[in-house]
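The values are calculated or read from the model by the stated rules, or taken from the named source; none is laboratory data. Being a predicted model, the structure only gives us computed values, none of them experimental. Note that each Cβ is placed from the backbone with ideal geometry, even for glycine, and that neighbours are counted across all protein chains shown. To get the accessible areas, we keep the full protein, side chains included, count just its heavy atoms, and leave off ligands, DNA and RNA. Shrake-Rupley method; radii C 1.70, N 1.55, O 1.52, S 1.80 Å.
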Amino acid sequence: VLFSATIPRPIEELIQRHPRSIKRVQIEARALTVPTVEQVYYEVDRRWKLEALTRLIELHNVTLGIVFCNTQRMVDELTGHLTAAGYRADAIHGGMAQAARDRAMGRFRKSGLDFLVATDVAARGIDVEGIQVVFNFDLPYDAEDYVHRIGRTGRAGRSGLAISFVSGREVFAIRQIERFTRQRLRRGQVPSHGEIEEARLQQLLERVRATL
């Protein structure tokens, strides 16, 4: 018996090649995404993705999040950029040694990191409470991967946020995701510097009130 949340093409080919008299049971769901997760997408030129990411981190005061990229190289580059910007970030992808991946996951679980930057190899294995936001820095190639990515937030009845960056013709992929999940994604506007300053001020006031 094989249980799987998704069956990508290579696994499908493996199943067709080896077993005999296959019986396939598929459980359909009305909605494939968690209702407590707010889903937003931003149309951003590739050159400005990093700027948009940091602005949204500031706007939402994110202290625990996952950023998904499609390639190992992009994961490593983005981790370097976030670290240089002062965030506690680490990478996890299939090109890393298992010991290094375990160390990164251990730090993330113990709140020793602000952000885990990952490829889809990590999407199904991350089970950490309190993840505020999942960022799709790169939109996934497959709608099922999108579902698994954003499922890392909004757990145990808590509210969560899933933010996706798209550019050019990737907007059509958003429509595909909406059809697959049977849910609409809200289109957002990247916040201005003025909005970021206002958000910082409000966060400061909230901390002062909490202290008092």
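Mind checking which pairs have a first residue in the stretch 1-23 that is at pLDDT 80 or above and a second that is open to solvent by 100 Å² or more (accessible area, probe 1.4 Å), Cβ under 8 Å, 6 or more apart or different chains? Sorted first by the residue in the stretch 1-23, then by its partner, the pairs are Ile15/Leu2; Ile22/Gln16.
State whether the residues of the stretch 158-178 include one that is hydroxyl-bearing (Ser, Thr, Tyr) and within 12 Å of Tyr41 (Cα to Cα). Yes - at least one qualifying residue is present in the stretch 158-178. A single member of Gly168, Gly157 is modelled with pLDDT under 85 and exposed (fewer than 15 other Cβ atoms within 10 Å of the Cβ), and it is Gly157.
Residues in the stretch 175-184: is at least one farther than 19 Å from Leu64 by Cα, touching a residue at least 60 places away in the same chain (Cβ under 8 Å) and open to solvent by less than 50 Å² (accessible area, probe 1.4 Å)? Yes, because at least one residue in the stretch 175-184 is farther than 19 Å from Leu64 by Cα, touching a residue at least 60 places away in the same chain (Cβ under 8 Å) and open to solvent by less than 50 Å² (accessible area, probe 1.4 Å). Mind checking which residues of the stretch 32-57 are open to solvent by less than 60 Å² (accessible area, probe 1.4 Å), more than 17 Å from Arg149 (Cα to Cα) and in a loop (DSSP other than H, G, I, E, B)? Within the stretch 32-57, just Val44 meets the criteria. Look through the stretch 136-172, keep the residues that are in contact with an Asp or Glu (Cβ under 7 Å, 6 or more places away or on another chain) and of a type in the set (Val, Ile, Thr), and return whichever of them is nearest to Ala52 (Cα to Cα). Residue satisfying both the conditions and the ranking: Val166. Could you look through the stretch 185-197, keep only residues that are outside any helix (DSSP H, G or I) and open to solvent by 30 Å² or more (accessible area, probe 1.4 Å), and pick out the one that is modelled with the lowest pLDDT? So, considering only residues that are outside any helix (DSSP H, G or I) and open to solvent by 30 Å² or more (accessible area, probe 1.4 Å), the one modelled with the lowest pLDDT is Ser192. With respect to (1) touching a strand residue (DSSP E or B) at 6+ places or on another chain (Cβ under 6 Å); (2) of a type outside the set (Val, Ile, Thr); (3) under 22 Å from Glu43 (Cβ atoms), the lone exception for Asp142 is condition (1). Close Cβ contacts (under 8 Å, 6 or more residues apart or on different chains) running from residues in the stretch 31-48 that are on the phi > 0 side of the Ramachandran plot to residues that are open to solvent by less than 10 Å² (accessible area, probe 1.4 Å) and modelled with pLDDT of 90 or more are absent.
Within the stretch 58-74, the set of residues being of a type in the set (Val, Ile, Thr) and open to solvent by less than 20 Å² (accessible area, probe 1.4 Å) comprises Val62, Ile66, Val67.
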